[in-house]
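Notes follow once the structure below has been shown.
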Amino acid sequence: GGQTTVSISVNPSSTTIYTITGDDGTCLATITATVDVTPTPTVTANSVTVCAGQSATLTASGATSYTWTPGNIAGSTYTMNPVTNTFVTVVGANGSCTAQATPTVTIGTAISISVNSPTICSGETASLTASGATSYTWNTGANTNTLNVTPLSITVYTITGSNGNCSGFNTATVTVNALPTLTVNSQNICSGQSATLTAIGANTYTWSNGVNGPSQTVNTSTTTIYTLSGTDGNGCVSTVASSTLDVSATPTISVNNPTICAGDSPTLTASGAGSYTWSTSQITQSITVSPTNTSTYSVVGSNGACSSSFTTTVKVSQSPTLTVNALNTSGCAPLCVNFSDITSASCSTIQYNYGDGSTGNTNNPIHCFTNGGNYTVTASCTNTLGCSSTYTLPSVIQVDLTPVADFTIQEGNLVVVGTTVHYNNTSTNATLYNWSLCDGSTSSSQNINMTYQDTGNCCITLLASNSTCTNSATKCINFVREATISIPNVFTPNGDASNELFKITSTGIKSLNCVIYDRWGLKMHEWDGIKGYWDGNAKSGGAPSGTYFYIINYTDQLDKSTTEKGFLNLFRD
């Protein structure tokens, strides 16, 4: 700092290095001096207020070590149990530097906390209410004077209350009474039955249907659940018990009651249940019976444990009687058979089945069998009740197949005299044959050939037969002459009564047409028929002598057509 004295006084606020230079007149020397400054501590300590009987703890800060008075106690905290208001001194040191503080301990007014200890039933909520302080803290963390809790068992709760700096605490015990354990029976009944429901486990009981008491008798047609509420001696109520009255429907059984004819086997079918037992010991829903007289049958139907019964009557009506006779039972087809029937008075109509695909409903019928074979005839009779009986004739109807006689004529039914005619037998179902020919002769050959020399109509009959039946066929042939024609080439129409006409002679001709032309192609004359002719005249008068041309068209008896052309000469001198 510029001082030149041997010594100086300094008052540094922190550690400071000082330098001094010494001069002996000739030489200089320098050295340093360090003033190490320790800070004086600033000591603080809290003052506290405690309730009578409580301990007080004071805490100091601002130094590195502390000493408390009274008691010469070291440490940053100091605990004491004052009985009156007290001043306390604490000296704090930082090394050799010290400072002190004087906190006070004040005795406050003590408080008393009160709280209720309720008894509840399991599942209920208890309300705890504390009093005696201005602020509260429960061991559950709640900080109100009331606390709602729902403990499962007996539980202790702690409440701390404060009033200023003074506090107090207390405990509340919540006693939990168990709910009554209720049990009640359940039953299975059939509709229409009653059941008794009985409960235990409580002192008093209330049912969901409004009945009070441990038991009740109920009757319902449907499955019903009854809820039970019970109260024990502690007043605890349980409603968890329930009784199920399982009602199974009693089946309503029905069975058909048929009216049958004797010999029928009706089926009886029950309905309305799940299983069935018949008076016949059968256990199916349907049974087939064969009563000979009116009979009754009963069945028990069950739905689980519930059952009911039903009885049905099968009425049996007797069938009518019927017999049938046939007056003739064999012969050739067509065989017509006379039937006669006899029935009881109750039979109204008869239905015949002739076995050949034909039926009829006429009494005492006549039926003709057209095809060969053996036929079984049955007749059915039905009375007014619908009952019927069937009668089968003991003898079959034997119908022999009638042959079909037939033959063909190879040459047709118009033949020229002298032609050999072939008769081809086409009969069926025959083994024997007999030909009756138009010349009076006969033959047993199957096929025959004949030649006839006379003209005219000839009829042939064939008899075809088997062992029992015969059939015939007749066909006719017309024999004609072979066609011939003669045409003159000259005629002289001069009035001498000789060769006056141009006329055509013929045999075996059925039709004829002739046209005459002159040499210039002019038609002079024409006629139809085998009796026609030309007399030499024309429209303009008599034709002059000369040569003329003719065209003749004719048809023979076999319908064969022929055309002839040629020249003729007319001479008048």
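The values are calculated or read from the model by the stated rules, or taken from the named source; none is laboratory data. Since we're looking at a predicted model, the values are computed, not measured. Here the Cβ is made from the backbone with ideal geometry for all residues, glycine too, and neighbour counts use every protein chain on show. With ligands, DNA and RNA removed, areas are computed over all heavy atoms of the protein, side chains included. Shrake-Rupley method; radii C 1.70, N 1.55, O 1.52, S 1.80 Å.
Kindly provide the pair-distance distribution of the chain built from C-alpha pairs, with 20 Å bins from 0 and whole-percent values in order of increasing distance.
Percent of Cα pairs in each bin: 11, 12, 12, 11, 10, 9, 9, 9, 8, 7, 2, 0.
Given the Cα-Cα distance of Thr359 and Ser346 and 0.36 nm per residue of separation, how much length would full extension add, in nm?
2.5 nm
With all pairs of different alpha carbon atoms counted, what Kirkwood hydrodynamic radius in Å does the stretch 201-248 show?
Final number for the Kirkwood radius of the stretch 201-248 is 11.4 Å.
Near Lys315, which aspartates and glutamates are there with a Cα under 16 Å away, not counting those fewer than 8 places off in the same chain?
Those aspartates and glutamates meeting the cut-off are Asp264.
Which lysines, if any, have their Cα less than 30 Å from the Cα of Lys510, not counting same-chain residues under 8 positions apart?
In chain and number order, the partners are Lys475, Lys523, Lys531, Lys539, Lys560, Lys565.
What part of the accessible area of the stretch 1-46, given as a whole %, is carbon or sulfur when the probe is 1.4 angstrom? Walk me through the intermediate numbers first.
On the way: 2020 of 3820 Å².
So the carbon and sulfur contribution to the accessible surface is 53 percent.
Would you please put 132-138, 303-309 in order of how densely packed they are, using the mean number of other Cβ atoms within 10 angstrom per residue and starting with the highest?
The densest-packed peptide leads the list: 132-138, 303-309.
Just to confirm, what accessible area per residue do you get for the stretch 426-573 at 1.4 Å probe, in whole Å²?
Counting only protein heavy atoms, the per-residue value for the stretch 426-573 is 58 Å².
Treat each spin label as a single point 7 Å out from the Cα along the C-beta direction, and report the Asn234 to Glu526 distance in nm.
Modelled inter-label distance: 15.0 nm.
Just to confirm, what accessible area per residue do you get for the stretch 1-59 at 1.4 Å probe, in whole Å²?
About 75 Å² of surface per residue is accessible.
Nearest 5 is fine: what % of DSSP beta bridges in the chain come out antiparallel, could you say?
90 percent
What list of whole percents do you get for P(r) of the stretch 1-150, with Cα-Cα distances grouped in 5 Å bins up to the one holding the largest distance?
Pair shares across the bins are 2, 7, 11, 9, 8, 8, 7, 8, 7, 7, 5, 5, 3, 3, 3, 2, 2, 2, 1, 1, 0, 0, 0.
Within 10 Å, count the other beta carbons around each residue, average over each peptide in 378-386, 121-129, and list them highest first.
Working: 378-386: 17.3, 121-129: 15.4.
Answer by packing, highest mean first, reads 378-386, 121-129.
Once Rh for the stretch 68-174 is found with the Kirkwood sum over Cα pairs, what is the Stokes-Einstein diffusion coefficient at 20 °C and 1.002 mPa s, in µm²/s?
Rounded, D is 125 µm²/s.
With each label point set 7 Å from Cα along the Cα-Cβ vector, what nm distance links Leu28 and Leu401?
Simple spin-label model gives 17.7 nm for this pair.
Between Thr106 and Ile17, what FRET efficiency comes out of the Förster formula 1/(1 + (r/R0)^6) with R0 = 45 Å and r the beta carbon distance, rounded to 0.05? Please report the intermediate quantities before stating the final value.
Details: r = 50 Å, r/R0 = 1.11.
With R0 = 45 Å, the Cβ-Cβ based efficiency is 0.35.
Could you give the nm distance between label points at Val37 and Thr562, where each point is 7 Å from its Cα heading toward the beta carbon?
18.7 nm
Where in the stretch 171-196 does the label zone of Ser242 land, with the point 7 angstrom along Cα→C-beta and an amide N cut-off under 17 Å?
Answer for the stretch 171-196: 182-188.
Quick one: dipole size for the chain, taken about the Cα centre, charges +1 on Lys/Arg Cβ and -1 on Asp/Glu Cβ, in debye to the nearest 20.
My answer is approximately 700 debye.
May I ask you to give the solvent-accessible area per residue for the stretch 293-371, in square angstrom, as obtained with a 1.4 angstrom probe?
Normalised by residue count, the accessible surface of the stretch 293-371 is 52 Å².
So for the chain, taking the charge dipole from beta-carbon charges (+1 Lys/Arg, -1 Asp/Glu), which of Ala172, Gly412, Gly508 sits furthest toward the positive end?
The Cα lying farthest towards the positive end belongs to Ala172.
So, by mean Cβ neighbours within 10 angstrom, what's the order for 140-150, 328-338, 169-179 with the highest one leading?
169-179, 328-338, 140-150
Taking a Cβ-Cβ separation under 4.7 Å as the criterion for a possible partner, which cysteines of the chain have none?
Cys with no partner Cβ under 4.7 Å: Cys27, Cys97, Cys514.
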